[in-house]
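Below is one structure, written out as structure tokens; comments come after it.
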Amino acid sequence: MPDEVLILIDQQKAMEHPLWGPRNNRQAEANILRLLEAWRRRGKPVVHVKHDSTDPNSPFRPGQEGNEFLPLTAPLPGEVVVAKKVHSALIGTGLTERLEQMGRPPLVICGVQLANSVEATVRVAANLGFAVRLPGDACWSCDKRDLTGRLWPAEDVHQLTLALLDGEYASVTTTDQILASL
């Protein structure tokens with residue numbers, strides 16, 4: 001069986017922009033780093049996904065500081081970097097084909113935002129037949145207002161998204177459980 005691939009979603013400076021509003025899980029970045037360091041020590045494959053927004057008002061738009069990787073988890077020379085223009089890292093990026101060439105490895109997907117690009121990538125990966133582990137503590141979410149006007153706290157958004165993905169689309173787990181299984 002091919003090595004499990006670690007996929008880091010949107011670890012870019014744009015995620016520090018105040019427009020996202022209140023967030024949960026302040027330990028997410030530290031947990032992402034723990035996973036990344038473990039993969040690097042073992043020489044396992046890592047994919048860094050960056051969002052290259054086509055929206056002129058987006059902090060993710062190329063050519064501005066928000067598009068840059070966060071220094072803590074920035075790619076090292078030789079690590080794969082995939083640029084996406086939509087929510088899922090598996091649409092229009094060549095990543096699906098790369099994973100096919102690697103023998104359809106199992107995936108560990110983490111990053112931000114859980115209820116956006118992480119969720120979109122997990123769902124597409126599962127629909128394509130990939131086994132996915134999702135460490136809920138290596139992701140974070142933001143407050144979200146629904147169509148009735150109710151404001152849902154980030155932690156509620158996070159836990160509901162994990163519950164919706166668990167079992168059918170991914171095996172929701174923790175960073176510690178993943179590290180213990182390596």
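The table below gives the values:
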{"read-out": "Ranked packing of 143-151, 113-121, 38-46, 72-80, most packed first, by mean Cβ within 10 Å", "value": "113-121, 38-46, 72-80, 143-151"}
{"read-out": "Percentage relative contact order, region 1-65, counting C-alpha pairs under 8 Å, at least six apart", "value": "48 percent"}
{"read-out": "Reachable aspartates and glutamates, given that their alpha-carbon falls under 16 Å from the alpha-carbon of Lys44 and they are not under 8 places away in the same chain", "value": "Asp3, Glu4, Glu79"}
{"read-out": "Candidate aspartates and glutamates for bridging to Lys144, where Cα separation is under 13 Å - those fewer than 8 sequence places away on the same chain excluded", "value": "Glu155, Asp156"}
{"read-out": "Modelled FRET efficiency - R0 41 Å, Glu168 with Glu16, Cβ distances, 0.05 increments", "value": "0.80"}
{"read-out": "Cross-link partners of Lys50 among lysines (Cα-Cα below 20 Å; sequence separation of 8 or more within a chain)", "value": "Lys13, Lys84, Lys85"}
{"read-out": "Cβ-based exposure ranking for Met102, Met1, in which fewest neighbours within 10 Å come first", "value": "Met1, Met102"}
{"read-out": "Percentage relative contact order, region 35-97, counting C-alpha pairs under 8 Å, at least six apart", "value": "32 percent"}
{"read-out": "Percent antiparallel among DSSP beta bridges (both partners in region 1-147, rounded to 5)", "value": "10 percent"}
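Read-outs throughout are calculated quantities, based only on the coordinates presented, and are distinct from any laboratory measurement. Since this is a predicted model, take the numbers as computed values, not measurements. All Cβ positions, glycine included, derive from the backbone under ideal geometry; neighbour counts span all protein chains shown.
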